[in-house]
């Protein structure tokens with residue numbers, strides 16, 4: 001079985017037309033588009049392929065977590081897409097287990113205790129300042145609860161005998177080794193990764209999770225550099241950085257579009273592909289809005 005795996009496309013920032021690649025199953029591991037809209041995007045671009053889709057954290061931005069899931073399940077059923085949120089599907093004898101996963105905020109213990117990791121995440125991350133959960137802001141403690149539920153479900157599924165191959169798809173990272181050495185002890189690591197060695201092992205044959213590489217090879221998890229990084233990932237790097245800089249956070253206002261573009265340019269050919277930054281600038285210039293004019 002040939003898999004085509006993509007994540008962190010963020011097509012809300014820049015349209016992405018996937019080039020044709022032979023594949024039996026399309027696997028989308030989260031942060032594809034806002035809310036439930038990535039499902040329609042996926043079916044439009046992969047009209048005749050089975051699609052396995054797992055939600056990321058960005059799908060829930062500026063929305064109610066439960067409503068996004070409800071709408072995503074509705075669209076998935078209508079579009080015949082396998083949306084997996086603590087669910088499984090078997091395709092041609094291969095078992096796919098999928099969940100966003102979230103994290104337990106313990107990956108850096110004892111250096112960074114869970115209570116301190118909660119504080120860093122609640123203060124610094126968009127997840128816990130613009131996602132609504134049960135009619136209030138999502139907090140790191142809520143993400144921990146979602147993780148525990150997902151982890152229990154995944155443990156039970158993996159303990160159930162299955163004669164074929166098993167592929168796990170998550171958005172968040174399942175093992176400490178997924179964190180590049182340069183980021184060890186980063187106070188936000190606990191919001192991106194957990195350490196689950198008891199699950200990252202047989203009967204799992206493949207574990208698919210999101211990634212962020214950097215142009216100069218300093219990213220994770222593989223340290224790819226330059227044109228060895230897939231184009232989609234290079235677009236993700238720029239879009240995600242632009243979003244992070246221009247989005248208002250609890251502890252600071254968002255940067256202007258002009259300031260964000262200057263910062264992207266400063267990091268050309270180190271963190272970012274300058275061609276992608278130029279494409280973003282052109283896209284913004286074509287938008288009929290004050291944002292485009294300020295860039």
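Connecting C-alpha atoms closer than 10 Å in a GNM of the chain, tell me which of 129, 189, 15 has the biggest fluctuation.
The residue with the greatest mean-square fluctuation here is 15.
When the chain is fully extended, how far beyond the present Cα-Cα distance does residue 152 get from residue 176, taking 0.36 nm per residue of separation?
Numbers: separation 24, 0.36 × 24 = 8.64 nm, distance 1.90 nm.
Between residue 152 and residue 176, full extension yields 6.7 nm more.
Nearest-5 percent of antiparallel DSSP beta bridges in the chain?
The antiparallel proportion sits near 30 percent.
Select from 136, 95, 148 the residue whose mean-square fluctuation is largest in a Gaussian network model of the chain (Cα-Cα springs shorter than 10 Å).
In this elastic network of the chain, the residue with the biggest mean-square fluctuation among 136, 95, 148 is 136.
Under the 0.36 nm per residue contour assumption, what length would be gained going from the current alpha-carbon distance of residue 47 and residue 135 to full extension?
On the way: separation 88, 0.36 × 88 = 31.68 nm, distance 3.57 nm.
Residue separation times 0.36 nm, minus the Cα-Cα distance, leaves 28.1 nm.
Once both labels are modelled 7 Å past Cα along the beta-carbon direction, what's the residue 248-residue 40 spacing in nm?
The modelled label-to-label distance comes out at 2.8 nm.
Could you let me know the centre-to-centre spacing of region 133-208 and region 47-102, using Cα atoms, in angstrom?
Rounded to whole Å, the Cα centres lie 16 Å apart.
Could you work out [θ]222 nm for the chain from helices alone, using -39500 (n - 2.57) per DSSP H run of at least four and dividing by all its residues? Round to the nearest 500 deg cm²/dmol.
-10500 deg cm²/dmol
A short reminder: the numbers here are calculations on the coordinates, not readings from a lab. This one's a predicted model, so the numbers in the text were calculated from it and none came from an experiment. All Cβ positions, glycine included, derive from the backbone under ideal geometry; neighbour counts span all protein chains shown.
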